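Worksheet: one structure, shown below.
Just so it is clear, none of the values below were taken in a lab; they were calculated from the coordinates. Since the structure is predicted, the reported quantities are computational estimates derived from the model, not experimental observations. Virtual Cβ from ideal backbone geometry, glycine too; neighbours counted across all protein chains shown.
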Amino acid sequence: MIKIAVCDDEVQIRHSLICLIKKQINDLKIIEFSSGEKLLDSTEEFDIIFLDIEMDTLTGIEVAKQIREKQEKNHLMKGIIIFVTGYREYMEAAFDVNAYHYLVKPLDEKKMVEVLDRAMKDVIAKEMLEKQYIILKSSGMQKKVFLKDIYYVESNNKKVIIHTNDGNIEIYGKMDEFENELGLNFYRCHRCYLVNMEKISAYSADTIHVVNGDTLILARKKYSEFIKEYMRYAKSGGIVNV
C-alpha cells in the first residue's frame, strides 16, 4: 500500500490536497500533519510527502533536510518530496534537498494530478526494483541474488566475481552480459568493474569507494559520464551514501 504524508499548517489546504489525492488513488494510506515537527516525530516511512514550506518554527526546507539526513544515515530509499507553497523564491533551496516537484498555491488541479501520477509511477518502479534478482549458477548450484545485495561485479579473465553482502560468487560469464542484465542502477566504471551506485560511499577522478571498504578503478575518460549518471540516479530517488 502506498503511504502518503500531507504536511501543511493550514487545515483547508491539507484537506484540499487529500481530496485531490483520493480522487486519483484508491489503495493508499494518507496521514496529515499540521507541523513539520509532527511529521519528523512520526515513525512511518512515506513513499510521497506533500510538504508546505512556510510553516511556524520549522520550515518545510528544514524538515526536508532532516528527512534526507535520516534516510541517508539509515540507508533508506529516498521518499518523494513534493513542495506545496505560495512562494516561488524557495525553488532553488527545494531542489537542494532533491525535491521531486514544486507546486505553487493556489493549486492547479490539472498540474497536481499530473505530478501525482508521475510520482506514483516512480514509487511503483522503485518497489519493483527492490524485488529484482538474478539467478547465478556456480559449482553446480543455482543461487538467487537480489540486485540490492550486490556491491559490484568484477571481471577476472574468463570468470566474473559478484561481490555481495553474503560473500563472493565466482562464475563463468562476460561483463557485457551483466551490464545489460543488471540495468541502470549499475555503472560500468572500468572494463573490469560494474558498480552498484547504491553502494558507492565516495569517489574521485580515478577511484570509486564502496561501502564494504573496497576501492574500484574509475576510468578517467569515464569520469564526466559517471557524474552525469550518478546525478540521474540520485535525483530519481536512489540511495546516496556519498
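Explain nothing, just the number: dipole magnitude of the chain about its Cα centre with +1 on each Lys and Arg Cβ and -1 on each Asp and Glu Cβ, in debye rounded to the nearest 20.
The calculation lands at about 1100 debye.
Which entries of Lys23/Lys228; Lys3/Lys174; Lys159/Lys199; Lys73/Lys174; Lys131/Lys228; Lys148/Lys222 have Cα-Cα distances beyond 31 Å here? Present the calculation step by step, with values, prior to reporting the outcome.
Details: Lys23/Lys228 37 Å; Lys3/Lys174 40 Å; Lys159/Lys199 22 Å; Lys73/Lys174 35 Å; Lys131/Lys228 26 Å; Lys148/Lys222 24 Å.
Correct reply: Lys23/Lys228; Lys3/Lys174; Lys73/Lys174.
Using Cα pairs under 8 angstrom and six or more residues apart, how large is the relative contact order of the stretch 118-176, in percent? Show your work: numbers first, answer last.
Details: 78 pairs, mean separation 13.1, N = 59.
The value is 22 percent.
Please give, to one decimal in nm, the separation of the simple spin-label points placed at Glu109 and Glu45, each 7 Å out from Cα toward the Cβ.
Between Glu109 and Glu45, the simple spin-label model gives 3.5 nm.
For Asp214 and Met91, what is the calculated FRET efficiency with R₀ set at 51 Å and r taken between the beta-carbons, to the nearest 0.05? Could the numbers behind the result be given before it?
Working: r = 39 Å, r/R0 = 0.76.
Computed FRET efficiency for Asp214 and Met91: 0.85.
Below 8 Å, C-alpha to C-alpha, sequence gap of six or more: please give me the relative contact order for the chain in percent. It would help to have the intermediate numbers written out before the result.
Working: 381 pairs, mean separation 30.5, N = 242.
Rounded, it is 13 percent for the chain.
Which links in Lys137/Lys158; Lys78/Lys111; Lys38/Lys111; Lys78/Lys235 stretch past 19 Å when you go from one Cα to the other?
Values: Lys137/Lys158 15 Å; Lys78/Lys111 23 Å; Lys38/Lys111 28 Å; Lys78/Lys235 9 Å.
Where the Cα-Cα span goes over 19 Å, the pairs concerned are Lys78/Lys111; Lys38/Lys111.
Where the centroid of each part is defined by its Cα atoms, how far is the stretch 1-30 from the stretch 114-135 in Å?
20 Å
Work out which helices of the chain, taken as complete DSSP H runs, extend at least 15 Å along their axis over the Cα atoms and score a mean Kyte-Doolittle of 0.5 or more, then list them.
Qualifying helices: none.
Only one of the values [x] 1.31; [y] 1.16; [z] 1.04 was calculated from this structure for Cα Rg over 2.2 N^0.38 Å; name its label.
Given [x] 1.31; [y] 1.16; [z] 1.04, the structure-derived one carries the label [y].
Per residue of the stretch 47-54, what does 6.51 cos²θ - 1.76 cosθ + 1.60 with θ = phi - 60° give for ³J(HN,Hα)? Whole Hz please, x for Gly and Pro, Karplus curve as stated.
Coupling constants for the stretch 47-54: 6, 9, 10, 8, 10, 6, 9, 7 Hz.
What aspartates and glutamates could a cross-link reach from Lys65, if we take a straight Cα to Cα line under 18 Å and drop same-chain neighbours fewer than 8 places away?
Candidates past the 8-residue exclusion: Asp8, Glu37, Asp41, Glu44, Glu45, Asp47, Asp52, Glu54, Asp56, Glu89, Glu92, Asp96.
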